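Values quoted throughout were computed directly from the atomic coordinates according to the rules given, and no laboratory measurement underlies them. Computed from a predicted model, the values in this text were never measured in an experiment. So basically every Cβ, Gly included, is an ideal-geometry build from the backbone, and we count neighbours across all protein chains shown.
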Amino acid sequence: MEFGTQTIQELLEGYQAKQFKPSEVIEGYLKNISERDEKLNSFLQVRPEETLANAKKLDGRMNEVNQLPLFGIPIAIKDNFLVEGWQATAGSKVLSGYVSPYTATSVQRLESMGAVIVGKVNCDEFAMGSSNENSAFGAVRNPWDLERVPGGSSGGSSAAVAAGLATVSLGTDTGGSIRQPASLCGLVGLKPTYGRVSRYGIVAYASSLDQVGPFSKTVWDSARVMEVMAGFDDRDATSSKRSVPKYTEELSSKRTFTLGVSRSWLEGVDPEVGKSFEAVLEAFKKMGGKVIDIDLPHTRYSLSTYYLIAPSEASSNLARYDGVHYGYRTPSAKSSEDLYSRSRGEGIGREVKLRIMLGTYALSAGYYDAFYLKANQVRRKIQEDFEKAFTQCDFVVSPTSPSTAFKLGEKTDDPLKMYLSDIFTLPVNLAGLPGLSVPCGLDSKNLPIGFQLIGKPFCESDLFTAAYQYEKVRGEFPLPSIAKGKG
Amino acid sequence: MLTREEVLKIAKLARLTLTEDEIVFYQKQLTRVLGHIEDLNQVQTSKEAFVQHVPSDAIPFREDRAQPFPNHEGLMGNAPAVENGCFLLPTIVEHS
């Protein structure tokens, strides 16, 4: 039997019917990685022997399929998560060779419920980027078109699932790093509410924005991963004590929703993306839903707000990479001061240095009020825009990305051009809201288009329900030919 | 345009050694991004509070208690240089 195209749901059904064993499934996925990833560069570390040994342990526990919600599910983990014994480079030369001394809570929860890690996947350095071209270990290619980017920063996470190298994957989303690559690779990607999933064991980028979330082929799979992974963790002071619903059990509830659209926000969207988005609105109307116009006047300032707040936090979080306790150390330091500056200067990549300097500038004496404080005040206004919108509608909807996957190198010279690819995702992080990207079509170049549902805090269940309804109407979304062993 | 001196000052504060090419590169890139960010001045703001992310009913408290880390070896194993169980650094104070 060929493996790679299955969903979690399909694999679980197969295990229940004793059609195959975890070791056979995992072997199939490892084979896909060895045969296909040379073209994609999505994996940074694979440990076939350990992975297969873990799967074989599950072979002897086939009677526990119904107790372990992720029994024998192959999962890929973004390389900014710590998993004991595995490397965690976060796509940076600074962390090259770093071996994790403990495991992130999110990963530990998935593993304890039967998931099997097939590898650590590539990403933009320290999760800073929208194309995966900022990785110190080379760009990742989009499985739909190898000349194009898979999106970023979780580009390895999206490429691996789309190409059939893992059933699901984990990523992090600080300004769109799950939803945008999910959209560009034809997958479902969720950025949960701030505080919904523990960040313990994640390499920090911007702590008031970072969230952990899943990539999957279907809404059901996303809901399944979330019901296992979400919830309070006393090792992350920002994680919420709210109970976690059984998301998969709530998917089929019969409800109609009111969607809010901010027309001014949609200006400049690629016409094919715009057309596909309008078709989504029509589909919701046909299901009995309503579409209303709303106003989000401050979202136009999201990019400026984000590029002050995120770099400011990054400049502080990344101060730890100084060549002292772990990571890259320059061979040529003459003093401690020299050691810090040279190790950082030589080890950290181009875009990350830009953001560290932006943040340092914004926080420096004389500029704090004008930049950092101002950005936080505008951030509050963006949040209020959404609060007001949610008095009129259940969700705010938009395309996930203004365009489909762009070509490698197309936007690397101008940071602003690259930043604009996250124009619809940035405000969601700034407001701390959950956002779900769902595939809705293919453009004339056969590249996936996605739309985004944005919900009220901790309303992931509503997002899943609406997206599940839409998925039924849309029908099965195609996979790239590489996922079927071709191309 | 940010001056060369301003870029060097930021790099010093950020503890980043830059090459000559990088100084020129970041002079342009920082100026480009900071130029865009000026649009925030169009927004009228007064004393808006900072964003409250975690709903107040969910702010968790816990006892401030140290817990032993089980994998000391794993932590020290990532150090670039160790001597007698301590992190090794270049000399800070020169002998006279």
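Among A:Gly450, B:Pro90, A:Ile292, whose Cα projects farthest towards the positive end of the dipole of the protein assembly as shown, with charges put on the beta-carbon of Lys, Arg (+1) and Asp, Glu (-1)? Farthest towards the positive pole: A:Ile292.
Full-extension gain between A:Ala370 and A:Ser96, please, as 0.36 nm times their residue separation minus the C-alpha to C-alpha distance.
Details: separation 274, 0.36 × 274 = 98.64 nm, distance 3.70 nm.
Length difference between fully extended and current span is 94.9 nm.
A simple spin-label model places the labels of A:Ser332 and A:Glu13 6.1 nm from each other, with each point 7 Å out along Cα-to-Cβ.
In terms of distances greater than 28 angstrom between alpha carbons, the cross-link table entries A:Lys241/A:Lys388; A:Lys290/A:Lys381; A:Lys254/A:Lys486; A:Lys290/A:Lys445; A:Lys18/A:Lys78 yield A:Lys254/A:Lys486; A:Lys290/A:Lys445; A:Lys18/A:Lys78. The phi-based Karplus calculation (6.51 cos²θ - 1.76 cosθ + 1.60; θ = phi - 60°) puts the 3J(HN,Hα) values of region A:283-290 at 4, 5, 5, 4, 7, x, x, 10 Hz, whole numbers, x for Gly and Pro.
Working note: Debye formula, equal point scatterers on the alpha-carbon atoms of region A:90-153, no solvent; log10 I(q)/I(0) at q = 0.14, 0.29 Å⁻¹ is -0.52, -1.11. Around the amide H of A:Val121, modelled in the peptide plane, lie the amide H atoms of A:Leu44, A:Ile77, A:Lys78, A:Asp79, all under 5 Å away and 5 or more residues distant in sequence or on another chain. Partners of A:Lys275 within straight-line reach, counting aspartates and glutamates whose Cα lies under 16 Å from its Cα and excluding those fewer than 8 residues away in the same chain: A:Glu267, A:Asp443.
Shape call for region A:339-399 from the C-alpha gyration tensor, a ≥ b ≥ c root eigenvalues: rounded (a/c under 1.5), prolate (a/b greater than b/c) or oblate? Cα axes put region A:339-399 in the oblate bin.
Close amide H pairs (under 5 Å, H built 1.01 Å from N) link A:Val291 with A:Leu259, residues at least 5 positions away or on another chain.
Site pair A:Glu282 and B:His72 shows an inter-label distance of 6.8 nm when each label is modelled 7 Å from Cα along Cα→Cβ.
Sequentially through region A:356-371, phi angles give Karplus couplings (6.51, -1.76, 1.60; θ = phi - 60°) of 4, 5, 4, x, 4, 4, 5, 9, 7, 3, x, 10, 4, 5, 5, 10 Hz, Gly and Pro residues having no value and appearing as x.
Maximal additional length on extending the A:Asp295-A:Thr391 stretch stands at 33.4 nm, based on 0.36 nm per residue less the C-alpha distance. What percentage of all Cα-Cα pairs in region A:1-86 are separated by more than 22 Å? For region A:1-86, the fraction of Cα-Cα distances above 22 Å is 28 percent.
Within region A:34-191, the percentage of alpha carbon pairs spaced more than 29 angstrom apart rounds to 13%. Annotation: amide H of A:Phe451 within the under-5 Å range of A:Thr400, A:Val438, A:Cys440, sequence separation 5 or more or interchain, hydrogens built in the peptide plane. Projecting the alpha carbon convex hull of chain A along each direction and taking the average yields 21.8 nm². Taking each residue as 0.36 nm, the span from A:Glu147 to A:Asp270 lengthens on full extension beyond its C-alpha to C-alpha distance by 42.3 nm. Label-to-label distance, A:Ser444 versus B:Thr3, with points set 7 angstrom from Cα along the beta-carbon direction: 5.2 nm. Along chain A, the longest continuous region that contains none of the GluC sites (Glu not before Pro) in a DSSP loop with at most 13 other C-beta atoms within 10 Å is A:268-475.
Backbone phi angles across region B:71-85, fed through the Karplus curve with coefficients 6.51, -1.76 and 1.60 (θ = phi - 60°), yield HN-Hα couplings of 10, 4, 4, x, 5, 5, x, 8, 6, x, 8, 9, 9, 6, x Hz in residue order; Gly and Pro are listed as x.
Divide by every residue of chain A the summed helix terms, -39500 (n - 2.57) for each DSSP H run of at least 4, and state the resulting mean residue ellipticity at 222 nm, rounded to the nearest 500 deg cm²/dmol.
Roughly -11000 deg cm²/dmol at 222 nm, from the helical runs in chain A.
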